[in-house]
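For reference, the structure is listed below as structure tokens.
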Amino acid sequence: MAAAEPDAWRVVAPRGRPRSAARRRRAAEAGGGAEADCGAVLRRLREAGNDLLVSDFWSSAVEPIIQCLTKQLQQKAPVGNLPETLESLCLHSPPADSDRAAGCHLGGSLASGACLVQCVCYGLGNFASCITARTQLAFLLLLLERCQIPRHHCWVYDPLFSQLETSVLSTLGVAVLSENEEGKRSVRGESTIFYMPHCGTALYNNLLWSNWSVDALSKMVVIGNSFTGLRERMLTRVLQKSYPYVAKVLEALEELQLPHTPRYADTFNDTSVHWFPMPRLEQLPGDLWASREEPDYQDCEDLEIIRKKPVRPAAASPNPGATTQGPC
């Protein structure tokens, strides 16, 4: 895990008069706390990744994801001219065990050349202290490597991230978003995996609203709570009123459940991979796409989402003609 070695974190002492050996040692110990904490989290993360790789869960869970991603990438490719990334990934045949074990370092992407896929991750939680969240992050990193998605093509956000966790993610090479998007992120014309384990239903609803068109939805693969399970557990009238975009798209998605294993029962339970075949989207009523009202959840009970903090208006200037610019 070369990119994650603690040596990458250095504490630079301010210039001044020389310190005694004892003072230098105490200062180094105090200043090295962040380095030590970061290194400890990275070691635990590497252990979680190694445990995943040797488990039956990883080999059986990555297959439906690869299957959906392959179909999603193929659906607009000209016959006989599959995207180069598909061929280089060998999506239909996983690497040999020896190659896979050798690549389990969680230290960097194996990708080279142009990448046709990007990734967005919401809702990991506090992976520094929670083994469930840490395993979910390890799964994400292994998935990026398996699909040859460079880490700088992966954006991550959770409003609960600590400064330590943000530092760890930056060290790993993924991009940490600076603001709470509430899931309202467009694919911007790119094939995108949205990795959202155990997120609130409003987050999925917001994501669908932000991409409410045949073209955008057909470019998405969503790994998260089973949409079919949402329909089965929630009253139809509640689903249609509070989460209308989830309700509208149910007839147009293809869903494959991730396997259920006792070892990861709390980590990936009720988790499925979803994608939206273009032919199914095109069969939906035309007027369905005309309604694009932004969700507000004013009357929604038990909203499982941390809302974006409202921006406070700037205080009015006592002199309307005054500016903040200093004298010339």
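Some points to look at:
- Here residue 320 meets each of (1) buried (at least 17 other Cβ atoms within 10 Å of the Cβ); (2) at pLDDT below 90 with one exception, condition (1).
- Of the residues making up the stretch 282-299, those that are within 24 Å of residue 200 (Cα to Cα), surrounded by 10 or more Cβ atoms within 10 Å (Cβ to Cβ) and touching a residue at least 60 places away in the same chain (Cβ under 8 Å) number 4.
- Some residue of the stretch 275-289 being farther than 18 Å from residue 209 by Cα, touching a strand residue (DSSP E or B) at 6+ places or on another chain (Cβ under 8 Å), modelled with pLDDT of 95 or more and of a type in the set (A, V, I, L, M, F, W, C): no
- Residue match in the stretch 163-175 (condition: surrounded by fewer than 23 Cβ atoms within 10 Å (Cβ to Cβ) and part of a strand (DSSP E or B)): yes
- In the stretch 141-162, the qualifying residues are those that are in a strand (DSSP E or B) and not aromatic (Phe, Trp, Tyr), and the one that is farthest from residue 118 (Cα to Cα) is 156.
- Residue that is surrounded by the most Cβ atoms within 10 Å (Cβ to Cβ), among those in the stretch 122-134 that are farther than 20 Å from residue 193 by Cα and either in contact (Cβ under 8 Å) with a residue 60 or more places away in the chain or among the basic types (Lys, Arg) (or both): 127
- Condition met for residue 161 (at pLDDT 95 or above, within 23 Å of residue 40 (Cβ to Cβ) and in contact with a helix residue (DSSP H, G or I) (Cβ under 7 Å, 6 or more places away or on another chain)): no
- Residues of the stretch 159-218 that are over 26 Å from residue 303 (Cβ atoms) and charged (D, E, K, R): 188, 190, 215.
- Against the test of being closer than 15 Å to residue 199 by Cβ and touching a residue at least 12 places away in the same chain (Cβ under 8 Å), the options 144, 172, 137, 164 yield a single qualifying residue, 137.
The values are calculated or read from the model by the stated rules, or taken from the named source; none is laboratory data. It should be emphasised that the depicted structure is a prediction, and the values quoted were computed from it without experimental measurement. Counting neighbours? That spans all protein chains shown, and the Cβs are built from the backbone with ideal geometry, glycine included.
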